[in-house]
Each structure stands twice: as structure tokens, then as C-alpha cells.
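Written below as C-alpha cells is the structure these notes are about.
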Amino acid sequence: MVDAKLYLRPVGLLYGATANEAVASGLALPLAGGPIAFAAAELIEGAPSKSKTRLVAARSLAQSHDADLSKVLGRVTAARPPFAGLSLDRLLIMGIVNVTPDSFSDGYDTKEEAILHAAELVDAGAAIIDIGGESTRPGSDAVEEEEELARVVPVLEGLSGLKAVISVDTRKAEVARAAAKAGAAILNDVSAFTYDPQSVAVAAETRLSVILMHAQGEPKTMHLNPVYTDVVLEVFDYLEQCIEAAEAAGISHAKIAADPGVGFGKTMAHTLRLLANLSLFHALGVPLLVGASRKRFIAGISGGDQRKSREPGSLAVAISAASQGIQILRVHDVAGSRQGLAVWRAATFGTEN
């Protein structure tokens, strides 16, 4: 094998009893511990600007004595421990609650409205509620720290006793600190600690679980002319480096999840490439989150100028991501997503359970 960086994208995905039998017979390997398995993988060697790809059967992967391949394969196949206290045996739904006047979709102006909506999302099946006080949609302006604190902290305090894990969607260290004090267990940072360098220290100090997302550029201008040589490999490399930096700062590997950042500094073509190659990101060795709900690229494919009219497309992306073993989905319509995913799983795995 050449002395170059190695990426591994599981393909030939198997489900249910077929997956179990294939793993037991050595014909397939578990994807992130199961219940999905893969019978083969694309091995991609080299830098994003110059890489070579070859297809290898799972049996051959398992029998390889190459140290680099064994390391990558170990990350792909290892079961993920609970994240923020939540088991990853089944896909988790994160419900979105924006406390902003200019959110991409479903912003709430008062804490009472936000708290009520959060409770409704939990009743609909959300395991995680993500509270955000700053819109990071394309073209949005930054929000002052004091304003963001005033928006999110009262809501977080009002969610005490809610039967869900609470996440705060913020790029700011002091907002994260206040959120942890108010009961948040997860810091969802769309900048992966690059906007406010103090955020990583706060996350380590408060023992928050973290979601690190890829974004190219700032929300105000990130949509204007995003450029990549190979968007999939470059996003992977970025997230890998962010995970390593977080661990170096004292955040446990088991407290880290990653998000490829659908729509954040990416064209439709970039986004579709990422969505078609999500299984490659299991080689990061952490739980994966995808948030594509109601995003503009859906309208670009099939229409839907009104954001809520993009729900069928949002569900299609959710099912595609679930079929590649993604562990967490961030959505607006929790009830619809839960139903669609439950039926997909039952029809694919051949069992109601």
C-alpha cells in the first residue's frame, strides 16, 4: 500500500437478518457496531487533490495486515458508546427550536412559545432538543453575545424537567458556559470551535458533549462562492483535525460527534456529493449528525419555495442518511420524520422492532 493518507467508504450495505448472517459468516463487517453491515468498501488513497480509488471486499479488509488500514477499519466498525447519555442503538432525532426573529425556519420570539414547542417536539419523539439564539443561515448577521444570552438562557431554564437531552446551538464560549449552568448537556458548535477559541476550554471545563460541524467561511458570505478540490475528503480532513484538537484540549473522545455541515459553505453539487458519501465519515470514529431539514438545495432539486413544503425532500434525505448508518438527525418536523424513519426501518429490516 502506498505511503499516503487512506480513506474508507463502506459500500454494499446490508440490513437486518441478512447483515447479521453476513457478519457471522465473515462476508461483511459491522458499520459503527451495527445493525447495518457492509460487504465491501472503496479505499481512497492520497491527498484530496490527487487520490486513487479501488474496491475491496470486506473479507479482504478484515484479513489485511496493513497497520494504517487496520486503524481506519477499527474506527469504521467499532460500536459507538452512548452520546450525552443516549444509546446509539437506534437513530436519534434532534428537534430544532430557534429563539430568533430571523431564523431559517420556525423561529420563536418568546420563551413561552419556544418552551411549548420544545415540549411538543419531545412528545412527538425527539430525544434531543437543540436551542439556538443566533441564526447561521446563509446571509445572516452575527448576534451580540448579550442578546444571544438573553434569548436562550430563559428558555433553557424553562426546560428543566423535560424528558429529553438539551443541546445549545452556539458559537460563543460564554453562551455555552451559561447554557451548561442552565442544564444543557450538548454544545452544538457550527464553527467547530473556530469562531470563539475559548469555546473548547469551556466545553472541557463544563464536561459538555460536543457536536463539531464543518462550515467553509462565515454565515454572511459562505454561500457566495464556495470552492473545493474534493469536498468529501476535505470535509473529512477538517473534521478529523477538529476532533483531534478537541481531544488535545481535554474533551473525551466519547463526548464528540461530527456533522459534515450540509449547506454551510457548499453548493448544491457539494451537498449532494457529501450526502452520497456519508458512510465515509464513520472513519472519524464518532457519532455522526446530519441536518438537512428544509434546506434550499431541496427546492433546487424538486421545487418548494416555501420552507415547510420541503418536508418530503427533507424526509428523503433523512432516510438516505439513516441507510448509511448516521446516528443523529436534526429536523424541524419530528413527528413526520419519526414516522417515516420507523416505516423505512421496518420495511428494510423486515421487523417492527
Query - Selection within region 122-150 - at pLDDT 95 or above, of a type outside the set (Gly, Ala, Ser), open to solvent by 10 Å² or more (accessible area, probe 1.4 Å) and within 19 Å of ILE186 (Cβ to Cβ) - result: VAL122, LEU149
Query raised in the report: Taking region 61-116 as the search range and keeping residues that are surrounded by fewer than 12 Cβ atoms within 10 Å (Cβ to Cβ) and assigned to a helix (DSSP H, G or I), which one is modelled with the highest pLDDT?
Result: GLY74
Report task. Kindly check whether there is at least one residue in region 198-212 that is surrounded by fewer than 17 Cβ atoms within 10 Å (Cβ to Cβ) and in a loop (DSSP other than H, G, I, E, B). Result -> yes
Requested in this report: Within region 245-265, identify whether any single residue is open to solvent by 30 Å² or more (accessible area, probe 1.4 Å), in a loop (DSSP other than H, G, I, E, B) and over 28 Å from PRO82 (Cα atoms), and answer yes or no.
Outcome: no
Report task. Could you list all residues from region 22-60 that are in contact with a Pro (Cβ under 7 Å, 6 or more places away or on another chain) and either among the polar types (S, T, N, Q) or open to solvent by 30 Å² or more (accessible area, probe 1.4 Å) (or both)? Result -> VAL23
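The values are calculated or read from the model by the stated rules, or taken from the named source; none is laboratory data. Quick caveat, the model's predicted, so the values are computed rather than measured. Don't worry about glycine lacking a Cβ; one is built from the backbone with ideal geometry, like all the others, and counts go over all protein chains shown. Accessible surface areas use protein heavy atoms only, side chains included; no ligands, DNA or RNA. Shrake-Rupley method; radii C 1.70, N 1.55, O 1.52, S 1.80 Å.
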